[in-house]
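Derivation of every value follows stated rules applied to the coordinates shown; laboratory data play no part. Not measured: the values here are computed from a predicted model. In this analysis, Cβ positions are derived from the backbone assuming ideal geometry, glycine residues included, and neighbour counts consider all displayed protein chains.
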Amino acid sequence: MTKEVRFKIEQPETGRTQGRVIRRLHQTDTNHSSGLEKWTKPKTEEYDKKDFDHPMEDDKKYFPYIPDDSTPYKATLRKPHYYYGIKVVKHSNTSNYKTLVAWGISEAQAKWRLLRDGTHDDAIIAFKKKVEEKTGLDWGNRYDEAIPDFYAFDNDTARQSDGYDGNKEAVQELMQIIFNKTGFNKAKNDLDYESDLEDLKIDDIEKKFKTLAKTAVSIRKRGKNKKKTETMKGDEILLGEGEMQIQDLESCQKMAKNLQGIWIWKNAYEIMKATSNSGEEVRLFDRQLQSLGDQEITPLSQNSNEFKTIAEYLNNYRVLYDYKLKAIFRIHPREEHAPLHHSKNSNRVLLWHGSRAVTYCSSLRHGLRIAPSGGLWYSKLLGNGIDLTDMSSVAADQCKTSSDALLLLCEAELTGADYTEGKMGPEKCINAKKVNKTLEGVKMPHPALKPKTNLSAPGSTYNKYTCYDPSQVKLRYILRLDILIPGMK
C-alpha cells in the first residue's frame, strides 16, 4: 500500500525575493523514511474541500469579472497530470462577487466550487491569496518562472485573454531605446554642446537659470520704464562653447528653452552613467528598470480596449503624419502615491507630451520636471514650463526622430496652467475611464472624433497648455511608434 505524504505550507520567514514568495516545506508524516525525494502525488485534493461550498456550475446569473483594464481575474494552473483553476465572477444584476475554484486530473473533469462570496474586494483578496498559495507567486508576477513543487501558470492560456502583454521583450526593447548612447551623442550635437559632459555640472546649469531669470526681470522693468533696450553689458549668459546676448524677453525665453533641454539631458546622462557603472552582478536590463525608481511599466495587449482607445486618440488627432504604432506601455507606481488634487474646479485632462527618447530615463524616474529658476513667477516670465498638447502630431515634432519615437500621454491638472486657444481643437471630451478605471474623472478628447477647425480664430494653429507645477502632471502611458512623413522612406 502506497503511503501518502502531504506537506504543510508555512508563512515565509524572510519575505519576498523578486516578487516570489519563499516558503519552507515540511514533511508532516515523520514515520515516512524516504523524505522529500520520494514524494507521492496525491490522487485528489480532498483535503481542500473543507474550504468550499456547493458546486457553482449551474448558476447562470454569474459571469467572468473583467475590469476596465481588460485583465480578467482568472488563473489556469497546472502540474503533471493535474489541473487547478481560480476565477472571480460577478452577478449580472447586483454588486455581488464570488471567487471560484476547480481541480481535477483535467480541466474538462473539474467542477467549479465556491471559495468566497461577498464584495469586490473580498473576492479579489481571496483570489490573490489562493493564487499565491498554489503557485508561490504573487498575481502581479504570474509571468515569472514557475517555482519547483508548486503549480505553474498556464501562461499561453492567460495571454490569450489577458489585457496586457506579459512579454518582457517589449520592455527590454523599450529600455534599449531609452538607454542609448548613440541617442545621447545625437542630442549633444543637436544642442551644439561641444565640451566634455563630465565637466558640465547640474548646479552650474541651475545657477545660469537663476541669472537668466534676474536678467529677464531687469528687461521687464526697463520695458515698463520705456527705456530703449540696446545690447546690454553684463547680460551675457554663457551656454556651452558660445554665448548669447540677451536683449529682450523673447531672447531670454529662447535661452531658457535651450538651458532646459541641456538640464534634462544632463540629468538623464547621470542616470545612464550610474546604470552602466553599477557592476555586473545584476543584469543590465534589471539595472535599467531599477534606475527608473518606483515606476512599473506594463505592455498592453493590442486586443484590449485600453490599447484601441489610446490608438484612436493618437491617430485622429494628427496632421501631415501617419504613424506605425508598435507598442503602448501603461505607467503606474508600484506603490500608489497621493493622486492629483481634486476640487470642485479640478480640470484634469489626458494630453500628449513629446521629447527625445534618451530623456525618458529621467522623466520616468522623477516625472516631467522644470529646471529651478527661483520660483513660479520666474518660470512663467521665462516661459519655462511643461508643454502639453491635445494634438499628437504637435508632440511628435518634439521627439526629434521618425524611427522608434516615444510619446507620453499624461494626466494633467490644468488649474493654474497657461492655455492658448488655437484654430484646431477637440470637438467633444469624454470621461477617460473608458481607457482605464483609474482615470475616472479625467477628461480626454473624444478619441473617435476628428478635431474641429475654426480658421477665423486668432492666435496659433493648435491649443497649447503649459504647466508650471510638475506635481500637476502624472505620466500615464508611453507610446512607441514610427512617424511616417510623406515623401520619406
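Using R₀ = 25 Å, calculate the FRET efficiency as 1/(1 + (r/R₀)^6) where r is the Cβ-Cβ separation of Lys434 and Ser460; round to 0.05.
0.30
By how many nm would the segment from Glu169 to Thr119 grow when fully extended, if each residue of separation counts as 0.36 nm and the alpha-carbon distance is taken off?
14.4 nm
Work out how far the C-alpha atoms of segment 350-489 reach from end to end along every principal axis, then list the three figures in whole Å, largest first.
42, 35, 35 Å, listed from the longest principal axis down.
Given R₀ = 25 Å, what would the calculated FRET efficiency be for Lys221 paired with Lys257, taking r from the Cβ atoms and rounding to 0.05? Working shown, then result.
On the way: r = 22 Å, r/R0 = 0.90.
E between Lys221 and Lys257, to the nearest 0.05, is 0.65.
Calculate, axis by axis, the spread of Cα positions in segment 172-224 along the three principal axes, and write the results as whole Å, longest axis first.
So the three principal-axis extents are 54, 24, 19 Å.
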